[in-house]
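The values are calculated or read from the model by the stated rules, or taken from the named source; none is laboratory data. Owing to the predicted nature of the structure, the values given are computational and were not obtained by experimental measurement. Cβ sites come from the backbone with ideal geometry, for glycine too, and all protein chains shown count toward neighbours.
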Amino acid sequence: MNWRLTRLDTVGSTNDLALEWIREGTARPGDVLVARRQTAGRGRPGRSWHSPEGALLLTAILPFYPERAGWTALVTGLAAAEAVRGLGAPAEVKWPNDVLLSRRKLAGILVESSSLSLVAVGIGLNVLNPTPDDPELSARAIHLADVVPTVTVAEVEAALLASLGARWETLATEPIERLRRSWDALDASRGRRLRWSHLQLDGVAEGVDETGALLIRSGDGGLHRAQVGEVTFVDL
Ligand code: BTN
């Protein structure tokens, strides 16, 4: 991928700006908006994303492959986890698009689209940013510098763009079984008890299917395919 970086000091949200570029028709695949800080960072679903300096905050504009729609966010999570692993920390992925380290949240991903051919892939990764004041939030979060003390935001950005570019090059053509194996290798959820927000259903995660849906085995033996919503671990 030939990345074209636009560096911003302070912006509302890199995803909002990327969606604006897409709507206006000025966005090109490979455009990346990188912000030092955001004043209106957005998370999922409809939450805000604390975005002080020291975090990696970026949105990449990438081709959208409708036949792999369910894998878009998953592959982004994989790319982020792989980049972090290359820097020496054993990151894992949590469906649909969180990156965990030591069972705590290292990065969040917000994939959005306002066109049929391009997606805005937003990534917020805690590197050296201060811990949020909210004790509940800070208990669930982790920063890469907690595990790799010498790490810099620039290093994480370079590693992330390299792995994201590589993942996107093969996203449309890679056999699904290989994608599933990549997911399985870094999946933090498999075998764990969780609750699926969409149906308030409890069960045990059994990996993802060929569309990228999470497979959840409920207590009555039924197998459910989660395609929307979020999951929370109930065995923390
Ligand atoms: C989540 O809730 O886990 C997703 C968080 C995504 C945050 C990133 S930071 C860069 C980009 N711009 C935003 O406003 N959100 C995403």
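General remarks:
- Top-ranked residue in region 206-227 [being among the acidic types (Asp, Glu) and part of a loop (DSSP other than H, G, I, E, B); ranked as modelled with the lowest pLDDT]: ASP220
- Total residues in region 48-67, condition of a type in the set (Ser, Thr, Tyr), under 23 Å from ASN2 (Cβ atoms) and within 10 Å of the ligand (Cβ to nearest atom): 1
- Subset of region 1-15 (residues that are out of contact with any helix residue (DSSP H, G or I) (no Cβ under 8 Å at 6 or more places or on another chain) and either surrounded by 19 or more Cβ atoms within 10 Å (Cβ to Cβ) or within 18 Å of LEU116 (Cβ to Cβ) (or both)): SER13, THR14, ASN15
- The condition of being buried (at least 20 other Cβ atoms within 10 Å of the Cβ) and either in a helix (DSSP H, G or I) or touching a residue at least 12 places away in the same chain (Cβ under 8 Å) (or both) holds for GLY108.
- Screening ARG42 against (1) at pLDDT 95 or above; (2) surrounded by fewer than 14 Cβ atoms within 10 Å (Cβ to Cβ) leaves a single unmet condition, (2).
- Of residues in region 91-128 being within 16 Å of VAL231 (Cα to Cα) and of a type in the set (Asp, Glu), the one nearest to the chain's Cα centre (by Cα): ASP98
- In the set GLY70, GLY25, GLY30, only one residue is at positive phi, more than 10 Å from the ligand (Cβ to nearest atom), of a type outside the set (Asp, Glu) and in contact (Cβ under 8 Å) with a residue 12 or more places away in the chain; that residue is GLY30.
- When we screen ALA213, ALA226, ALA188, ALA205 for residues that are surrounded by 16 or more Cβ atoms within 10 Å (Cβ to Cβ), in contact (Cβ under 8 Å) with a residue 24 or more places away in the chain and touching a His at 6+ places or on another chain (Cβ under 8 Å), the only hit is ALA226.
- Residue list for region 101-143, filter: within 16 Å of GLY77 (Cβ to Cβ) and away from the ligand (no atom under 11 Å from the Cβ): LEU101, ARG103, ARG104, VAL119, ILE142
- Within this structure, PRO90 fails the test of being more than 24 Å from ALA18 (Cα to Cα), in contact (Cβ under 8 Å) with a residue 60 or more places away in the chain and either in a loop (DSSP other than H, G, I, E, B) or within 16 Å of the ligand (Cβ to nearest atom) (or both).
- Across region 7-22, the number of residues qualifying as near the ligand (Cβ under 10 Å from one of its atoms) and not aliphatic (A, V, I, L, M) comes to 5.
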